[in-house]
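The values are calculated or read from the model by the stated rules, or taken from the named source; none is laboratory data. A quick note: this is a predicted structure, and the numbers were derived from the prediction, not measured. Positions of Cβ are generated from backbone atoms using ideal geometry, with glycine treated the same way; all protein chains shown enter the neighbour counts. Ligands, DNA and RNA are excluded from the accessible area calculation, which covers all protein heavy atoms including side chains. Shrake-Rupley method; radii C 1.70, N 1.55, O 1.52, S 1.80 Å.
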Amino acid sequence: MGLFDIFHKKPKAAASEFRYEAENLIFTWDKEPENVEEITKPMIEAYKKNLNNIAEEIFKEAKDIFGVQSVEQLVEKLGRPTIDAENGTISYCEHTMDDVHIIDVEFADDGFSKIQFVSIDG
């Protein structure tokens, strides 16, 4: 393994973290929940329904940092999210706006309709 491999590896889930992937979304919990498919099905639908609202909140912070011109352009560049259902966060580590920043969104409900905070770290 060379230096390129070390610095460009995707982070792995923690050994005790449960990870579930469905419909191009990643869900994580500390431990595997019972009936994970039943839990995630309404969350998947809610995410799809509220993606533009989520993107509008991100756009307020991201337009100057990334130079995106519209919410629609941002949606195209967000990539696959990781949703931490226990801690109420959506993380965009695979976005295509740059390879430095991570976008985190804190939400207050499983329907993703109450966005509390957006942060862009990098």
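Number of Lys-Lys pairs in the chain under 17 Å by Cα, sequence gap 8 or more or different chains?
8
In nm, give the distance between the simple-model label positions of Phe117 and Gln69, each being 7 Å from the Cα along the Cα-to-Cβ direction.
3.4 nm
Could you pull out every residue, at least 5 positions away or on a different chain, whose amide H is within less than 5 Å of the one on Thr89? Hs are placed 1.01 Å off N in the peptide plane, and Pro or chain starts have none.
Asp84, Phe107
Would you grab the residues whose amide H sits under 5 Å from the one on Glu94? Only those 5+ places off in sequence or on another chain, please, with H modelled 1.01 Å from N.
Arg80
Can you pull the one-decimal nm distance between simple spin-label points at Lys77 and Glu23, each 7 Å off the Cα toward Cβ?
Label-label distance for Lys77 and Glu23, simple model: 2.6 nm.
Using θ = phi - 60° and the Karplus relation 6.51 cos²θ - 1.76 cosθ + 1.60, list the HN-Hα couplings for segment 68-84 in order, rounded to whole Hz, with x at every Gly or Pro.
Karplus values, whole Hz, x for Gly and Pro: 6, 9, 7, 4, 4, 5, 4, 4, 5, 9, 5, x, 7, x, 10, 9, 9.
What does the C-alpha gyration tensor say about the overall shape of the chain? Classify as rounded when a/c is under 1.5, otherwise prolate if a/b is larger than b/c, or oblate.
The shape class here is oblate.
Leaving ligands, DNA and RNA out of it, work out the accessible area of Phe117 with a 1.4 Å probe and give it in Å² to the nearest 10.
Per-residue accessible area (Phe117): approximately 110 Å².
What accessible area per residue comes out for the chain, rounded to a whole number of Å², with a 1.4 Å probe?
65 Å²
Got a sec to turn the phi values of segment 53-67 into Karplus ³J(HN,Hα) couplings, 6.51 cos²θ - 1.76 cosθ + 1.60 with θ = phi - 60°, whole Hz, x for Gly and Pro?
Calculated HN-Hα couplings, in order: 5, 4, 4, 4, 5, 5, 4, 4, 8, 8, 4, 7, 6, 9, x Hz.
Using a 1.4 angstrom probe on heavy atoms only, work out the carbon and sulfur share of the accessible area of the chain in %.
47 percent
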